[in-house]
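To start, the structure under review is shown below, and the notes come after it.
Coordinate-derived values only; no laboratory data. Since the model is a prediction, treat every value here as computed from it, not as a measurement. A quick note on method: Cβ atoms are made from the backbone with ideal geometry, for glycine too, and the neighbour counts reach across all protein chains shown.
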Ligand SMILES: Cc1cc2nc3c(=O)[nH]c(=O)nc-3n(C[C@H](O)[C@H](O)[C@H](O)COP(=O)(O)O)c2cc1C
């Protein structure tokens, strides 16, 4: 097996499909096989089939199903065996390593290879996360676009320290990136906004992201109003644009057999170099 590249996937694919089918169905089949109760104790309504008779009430089925589900979840285990990440083959800089893994995620045609969890911290120190899409990365940092009045934006304004995480499930890989967030400049946000599909540009105007709204209809009506107002050329809203996380720490996690995973951390040093260290899994 080539280190840090993917081996033949047939064995793990077979294991994966077994995992998805056999692990999820038992809770349902066990629930369906729940012991029937007598007609007296069974309410006339709300049985599994809606019929009166010797059937477990839905509440009982739900409780059994819930217990089974929790057991099934606790029993889920998967051996990670696709690749390795070691010091002799990992890139010298974290950006190169990230680019290599992103290229492999793209080549593997993963469903959302650029989706990353963004963690921010609120005014009381409470963390929050959400998924955003990576729209650019280079030596300056990692860029995404969003609403500058959203919850995440307010939290970044109060505390610019944030973290990103990519989980490429099928490759058994995680990349974690921490650093300080800054806004992209207006020209960069404008340039990206122009590349967005029309409905996304309208949506950026129409959605007061993170705010409570009375109904979906309000959103749709506002989108129609914005569409009629700007026709085919909505400008970038002043409340919408990019952020760039300027990294000071990266971690690359590669799942390995027996939970002895590979973890390499790169930490930015005062002289601008990156210190690479192995972490225990
Ligand atoms: C796959 C995926 C990609 C997303 N990409 C973005 C994005 O690039 N920008 C964005 O503002 N929200 C994106 N969202 C929605 C966010 O996860 C979140 O709901 C929204 O930004 C509001 O978060 P906040 O209230 O914490 O600010 C995405 C959601 C998913 C599931």
*region 198-258: proportion of alpha-carbon pairs further apart than 17 angstrom, %*: 56 percent
_Distance (nanometres) between label positions extended 7 Å along Cα→Cβ at residue 198 and residue 161_ = 4.6 nm
_Using 0.36 nm times the number of residues separating residue 212 and residue 260, minus their current alpha carbon distance, what extension gain do you get?_
12.8 nm
_Using a 7 Å offset from the Cα along the Cα-to-Cβ direction at both residue 99 and residue 154, what is the distance between the two label points in nm, to one decimal?_
3.9 nm
_Can you tell me the length gained on complete extension of the stretch residue 110 to residue 86, counting 0.36 nm per residue apart and subtracting the Cα distance?_
6.3 nm
*asked:* Taking only the Cα atoms of region 178-227, how large is their convex hull per residue, in Å³?
replied: 117 Å³
*Ranking 132, 246 by Cβ neighbours within 10 Å, fewest first, what do you get?*
246, 132
*Report the label-to-label distance for residue 224 and residue 187 in nanometres (one decimal), using points 7 Å from each Cα along the Cα→Cβ vector.*
4.1 nm
